[in-house]
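Undergrad: Can you keep this structure in mind? I'll have questions shortly.
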Amino acid sequence: MTDRYGKNPGMISQLSARQYYVTQESGTEPAFDNEFWDAKEVGIYVDVVSGEPLFSSTKKFDAGCGWPSFTVALESGNVVEKEDRGHGMIRTEVRSTHGDSHLGHVFTDGPIEEGGLRYCINSAALRFVPYEDLEVEGYGKYRKVFDGAWTEGRHHERHDR
């Protein structure tokens, strides 16, 4: 399964300026001025460069920070953490394992009942795959993540914190 994901030069050449800055130059997009900070659609988020599955909408919450925030990675093996000493701070950077894309940072101020982590992720590093498209895009195995939370033909209501 992991063989199918990797740093894809073809995808890198198609990135927007913001996507390139974030994923390849470890940049940060503006808070509250990005595609997914307040998105509530049902599906998964994958690396914009490699396509590796990273996060699920079922673990997305409103942290009030202006970036998409998640309590846990969809596939822990697809997310790697590294010490980041930039900007006069010590933080934990989050990168995709196979695409080596900069995603954002992880903090320990997330919801306690969900494990206490907040993966603060740049929208520019992500591509959203709606629940309805999981099968056709090759992510069918992740449909089970939504069992009981959402079914086709019914409106899904999310309750963000």
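Undergrad: Check which residues have an amide H placed less than 5 Å from Ser101's amide H, if you skip close sequence neighbours.
TA: Long-range HN contacts for Ser101: Ser96.
Undergrad: If each residue's Cβ is checked for other Cβ atoms within 10 Å, how do Arg127, Arg143, Arg4 rank with the fewest at the top?
TA: Lowest count first: Arg4, Arg143, Arg127.
Undergrad: In percent, what relative contact order does the chain have, based on Cα pairs under 8 Å that are 6 or more apart in sequence?
TA: Relative contact order, the chain: 25 percent.
Undergrad: Is the C-alpha gyration tensor of segment 2-133 telling us rounded, prolate or oblate? Criteria: a/c under 1.5 is rounded; beyond that, a/b larger than b/c is prolate, otherwise oblate.
TA: rounded
Undergrad: Would you mind checking the pairs Lys59/Lys141; Lys7/Lys59; Lys60/Lys144; Lys40/Lys82; Lys82/Lys141; Lys59/Lys144 and listing those with alpha carbons more than 21 angstrom apart?
TA: Lys7/Lys59; Lys40/Lys82; Lys82/Lys141
Undergrad: Can I ask one more? Taking amide hydrogens as modeled 1.01 Å from N in the peptide plane, which residues meet the under 5 Å criterion relative to Ser56, leaving out close sequence neighbours?
TA: Tyr45, Leu74
Undergrad: Using amide H atoms built in the peptide plane, which far-off residues or other-chain residues are under 5 Å from Val48 H to H?
TA: The list, which skips near neighbours in sequence, is Leu126, Arg127.
Undergrad: So what are the ³J(HN,Hα) numbers for segment 105-121, from phi and the Karplus equation (6.51, -1.76, 1.60; θ = phi - 60°), rounded to whole Hz, Gly and Pro as x?
TA: 9, 10, 10, 9, 10, x, x, 4, 5, 10, x, x, 9, 10, 7, 9, 10
Undergrad: So what J values fall out for segment 37-49 if you push phi through Karplus, 6.51 cos²θ - 1.76 cosθ + 1.60 with θ = phi - 60°, rounded to Hz, Gly and Pro as x?
TA: With the stated coefficients, segment 37-49 comes to 4, 10, 5, 10, 5, 8, x, 10, 10, 10, 5, 5, 8 Hz.
Undergrad: Show me, for segment 60-68, the HN-Hα J-couplings you get by feeding each phi into the Karplus relation (A = 6.51, B = -1.76, C = 1.60, θ = phi - 60°), rounded to Hz, glycine and proline as x.
TA: 8, 9, 8, 8, x, 9, x, 10, x
Here, each number is a calculation from the coordinates, and none is a lab measurement. Since the structure is predicted, the reported quantities are computational estimates derived from the model, not experimental observations. So basically every Cβ, Gly included, is an ideal-geometry build from the backbone, and we count neighbours across all protein chains shown.
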